[in-house]
Ligand code: FES
């Protein structure tokens, strides 16, 4: 019923290209469907911010799927047990480990160590809170260029060097002032995620 939305990001320039986009006609959420013979919201509806439904059943542990919502890249990351375990080890190095800052609205379900509804899945907007670049995946722990030797896995913004952990929490003393945003979202089922809405219609 729902196609998976996929996209590829050009990390350095914030430009990114949707390869396929689709969303299921979820009851009560099927905005602007009556006049189009497709399950997907119309381009106009999508541009206006229609929720996007995503099939997450194909994401393996350690993988990331990027979808478009309101013209922004939204990351869906299925974290491994090791990546989850690492989240509790770096609080002292993070600028806002408990997501208490109020620069933008943070859904209540993201104010926890994982910053997510289900610990396994992180859903975040892949735009750096400094000047808007899209951070690069640096999931592999350990020493590597531009990162500390004890790197625990996360993201590196190539523009000015801000680093984020696997929950999108920014490290201290970096140009980016805040953690990555978490968009409103909800699980329609175990395999279907709705981005852009977080309550039953
Ligand atoms: S835009 Fe990410 S560090 Fe400047």
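Within segment 64-201, the percentage of alpha carbon pairs spaced more than 20 angstrom apart rounds to 41%. As a rough footprinting exposure proxy, the listed residues 87, 65 were ranked by other beta carbons within 10 Å of their own, and the order from fewest upward is 65, 87. Among 96, 91, 149, sorting on how many other beta-carbon atoms sit within 10 Å of each Cβ, with the fewest leading, yields 149, 91, 96. Separation of segment 50-93 and segment 159-201, taken as the distance between their Cα centroids, equals 8 angstrom. According to the Kirkwood relation over distinct C-alpha pairs, the hydrodynamic radius of segment 145-201 is 13.4 Å.
Every number here is computed from the coordinates shown, using simple stated rules; none is lab data. All of these numbers come straight from a predicted model, not from anything done at the bench. All Cβ positions, even for glycine, are placed from backbone atoms using ideal geometry, and neighbour counts span all protein chains on display.
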